[in-house]
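The values are calculated or read from the model by the stated rules, or taken from the named source; none is laboratory data. Just so you know, these numbers come straight off a predicted model, no measurement behind them. All Cβ positions, even for glycine, are placed from backbone atoms using ideal geometry, and neighbour counts span all protein chains on display. For the accessible areas, the whole protein counts, side chains as well, though only heavy atoms, and no ligand, DNA or RNA atoms are used. Shrake-Rupley method; radii C 1.70, N 1.55, O 1.52, S 1.80 Å.
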Amino acid sequence: MVIDIIGGGSLGLLHAAMLMRTRNSIDSSNTKVRMWTRTPEQAELIRSQGIHLEDLDGRQAHIYPVHAYPLAEAGEVLERTGMRASSIWLFVKQTHIDSELLSQLEKFPREQTASLVCYQNGVGHMEALSAIWPHEQLIWAVTTEAAKRVNCNEVVHTGHGHTSIGIWEPAGSRTEQKELVNSLCLSTKKLLENAGFQTFLSNNIEGMVYQKLLINVIINPLTAVLRIKNGQLLLQEDRLSLMKDLFGEAAAVYRAAHISIDEEKDWERVVQVCRMTSSNSSSMLQDVEAGRRTEIEAITGALIRMADRYEVAVPLHRMMYRLILASCE
Ligand SMILES: NC(=O)C1=CN([C@@H]2O[C@H](COP(=O)(O)OP(=O)(O)OC[C@H]3O[C@@H](n4cnc5c(N)ncnc54)[C@H](OP(=O)(O)O)[C@@H]3O)[C@@H](O)[C@H]2O)C=CC1
Ligand SMILES: CC(C)(CO)C(=O)C(=O)O
């Protein structure tokens, strides 16, 4: 089986390296990994030098060889090798999902039953992706693993978490092909577990998405504005009190929108993720530092839109939203 990884950023490089490392050591199955990057330069670098992975204990691994190509050349490359895709894992940001990427994904040579595993934080992307992919084959992956790309072929695993996967069912739709869906989810879980990622199957994946959103609306903008690592949020009373206030506003929105929330457990989860990913720079901080567009629209923006719909006041989240917009070039 071939796994096609789209996006050679922090999480994409981490997953490619961990999947390949498994294959090179214990996995006797025939799993192969192909990487698809935005630029030909990154693909060339990965092909010629492989990927360097620093794991959580500081151990280094050099993964070589790695098949890597620019996504724009997928049609040509796959026609030449005669291998169509069956499991595509998408590691781009919400901000990268534009009409060009959607069209490249739609044209990606693949089996009829191919799944698209989507790792994005925030909400909104599944609706966009369902326009070009059968929703029963769209797998939602919600992860608290953390990674930081240090250059185009080097990545550090900065935090251990867990990954929940499940099928996206848009409101009012029904999943017809239950057997196919189950086997796609099970095979994805097995691949992740073999690679060392703690993974759960969820039949309430939307609930997990909102649980994760609650974590991201607090950690991401705060770390990006304060320019600190996740663990540093817990080291000072003023930061903790800001986190609690942001949590309180978000909880009020969830209650108004009838999204399940357990205030004690969900708050503990936010603190736990800060601890488990303490040395990570959140993905939003990585964007702000690199002068890239952030995912604020899909994270805090989504919460604010929900708050507007249910007429709940969220002044602090509005301020975080404005501060992030103001801190980007
Ligand atoms: N980093 C983390 O610890 C975590 C991240 N997440 C979420 O996972 C998702 C990915 O995050 P992360 O890995 O940090 O993001 P990065 O910004 O590090 O990586 C995104 C990658 O996508 C590539 N890309 C963009 N457009 C295309 C395209 N058209 N074709 C091919 N590749 C493309 C970018 O290429 P280029 O570099 O050339 O621009 C970049 O390498 C986000 O939604 C994030 O919120 C979730 C949990 C933790
Ligand atoms: C889990 C966490 C908070 C790790 O930093 C993340 O989701 C992110 O950075 O976007």
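Once backbone amide H atoms are built at 1.01 Å from N, Trp89 has Asp4, Ile5, Ile6, Val117 as its partners under 5 Å, excluding neighbours fewer than 5 places away on the same chain.
Could you work out what % of the accessible surface of the chain is carbon and sulfur, using a 1.4 angstrom probe and leaving DNA, RNA and ligands out of the count? Can you show the working numbers first?
Values: 7410 of 15130 Å².
Carbon and sulfur together cover 49 percent of it.
If you build a Gaussian network model of the chain, linking Cα atoms that sit under 10 Å apart, which residue out of Met126, Met306, Met35 swings the most? With Cα springs under 10 Å in the chain, the top fluctuation among Met126, Met306, Met35 is at Met306. Does region 214-329 classify as rounded, prolate or oblate by the C-alpha gyration tensor (a ≥ b ≥ c root eigenvalues; a/c under 1.5 gives rounded; else a/b over b/c gives prolate, otherwise oblate)? Judged from the Cα gyration tensor, region 214-329 comes out oblate (a/c at least 1.5, b/c at or above a/b). The residues of the chain present an accessible area of 46 Å² per residue when probed at 1.4 Å with all protein chains retained. Taking a straight line from the alpha carbon of Lys229, these lysines sit under 22 Å away, with near neighbours fewer than eight places off in the same chain left out: Lys93, Lys148, Lys212, Lys244.
Across region 25-126, C-alpha contacts under 8 Å between residues 6 or more apart give a mean separation that, scaled by the residue count, equals a relative contact order of 24 percent.
Please work out whether region 82-223 counts as rounded, prolate or oblate from its C-alpha gyration tensor, where a ≥ b ≥ c are the square roots of the eigenvalues and a/c under 1.5 means rounded, while otherwise a/b larger than b/c means prolate and anything else oblate? Cα axes put region 82-223 in the rounded bin. Computed over neighbours whose Cβ is under 14 Å from that of Gln49, the net charge equals -2, Lys and Arg +1, Asp and Glu -1. Working from Cα pairs under 8 Å separated by at least six residues, relative contact order for the chain is 16 percent.
Taking packing as the residue-averaged number of other Cβ atoms within 10 angstrom, the listed peptides 150-163, 205-218 run from highest to lowest as 205-218, 150-163. Evaluate the relative contact order of region 75-146 (contact order divided by residue number), counting alpha-carbon pairs under 8 angstrom at least 6 apart; express in whole percent. Relative contact order of region 75-146: 35 percent. With contributions of -39500 (n - 2.57) from each DSSP H run of at least four residues, the per-residue ellipticity at 222 nm computed over the chain stands at -14500 deg cm²/dmol.
3J(HN,Hα) along region 126-131, derived from phi through the Karplus expression 6.51 cos²θ - 1.76 cosθ + 1.60 where θ = phi - 60°, amounts to 5, 4, 5, 6, 5, 6 Hz, with x in place of Gly and Pro.
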